[in-house]
1. Cβ contacts < 9 Å: first residue in the same structural domain as residue 75 (by TED's automatic domain parsing), restricted to segment 1-21; second residue acidic (Asp, Glu) and at pLDDT below 95, any location; separation 6+ or different chain. Result?
2. Within 14 Å of residue 6 (Cβ to Cβ) and surrounded by 12 or more Cβ atoms within 10 Å (Cβ to Cβ): which single residue out of 78, 97, 74 fits that description?
3. Among the residues of segment 16-53 satisfying the criterion of being charged (D, E, K, R) and more than 29 Å from residue 95 (Cβ to Cβ), which is surrounded by the most Cβ atoms within 10 Å (Cβ to Cβ)?
4. Hey, can you tell me all the residues within segment 74-99 that are more than 13 Å from residue 14 (Cα to Cα), aliphatic (A, V, I, L, M) and in a helix (DSSP H, G or I)?
5. Counting only residues that are farther than 15 Å from residue 62 by Cβ and in a strand (DSSP E or B), how many does segment 22-39 have?
6. Given the condition in contact (Cβ under 8 Å) with a residue 40 or more places away in the chain and either within 21 Å of residue 74 (Cβ to Cβ) or in the same structural domain as residue 99 (by TED's automatic domain parsing) (or both), answer yes or no: does some residue in segment 28-38 qualify?
7. Being closer than 16 Å to residue 20 by Cα and in a helix (DSSP H, G or I) narrows it down to one of 42, 71, 60, so name that one.
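The values are calculated or read from the model by the stated rules, or taken from the named source; none is laboratory data. All of these numbers come straight from a predicted model, not from anything done at the bench. Quick reminder, even Gly has a Cβ in these numbers, built from the backbone with ideal geometry, and neighbours come from all protein chains shown.
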Amino acid sequence: MADQDVDLLLAAAERVEALAGRTTGGSWTVRGLLASRPEVVAVSADGGSEHVAEARARTAEWIRTLSPAVAGPLAGWLRTAARPPVDRHALAVARVLLG
């Protein structure tokens with residue numbers, strides 16, 4: 001079971017990094033309304049911006065918070081948690097990430 005848990009945590013770390021790698025980078029912010037819904041926008045270092053999502057008011061901040069900027073630290077935590085004894089909370093997160 002321990003080897004399967006380690007494999008699961010490492011797979012989740014890889015998935016998070018792969019998803020972040022193909023997602024719009026930059027600093028994600030919640031801006032005005034787009035079709036009456038808050039718009040999540042990625043602002044790049046050069047000042048350019050790109051629409052990321054539109055969401056319900058209560059969901060926009062969640063999307064902004066879990067931007068690709070979270071991927072590196074999250075993947076690092078999952079990899080660290082894969083060292084025995086496996087962290088059960090990290091394992092629960094890995095299971096959710098992997099569906």
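1. 9/87
2. One residue alone meets the criteria, 78.
3. It comes out as 39.
4. 81, 90, 91, 92, 93, 96
5. Residues flagged as farther than 15 Å from residue 62 by Cβ and in a strand (DSSP E or B) within segment 22-39 amount to 5.
6. Looking through segment 28-38, at least one residue is in contact (Cβ under 8 Å) with a residue 40 or more places away in the chain and either within 21 Å of residue 74 (Cβ to Cβ) or in the same structural domain as residue 99 (by TED's automatic domain parsing) (or both).
7. 71
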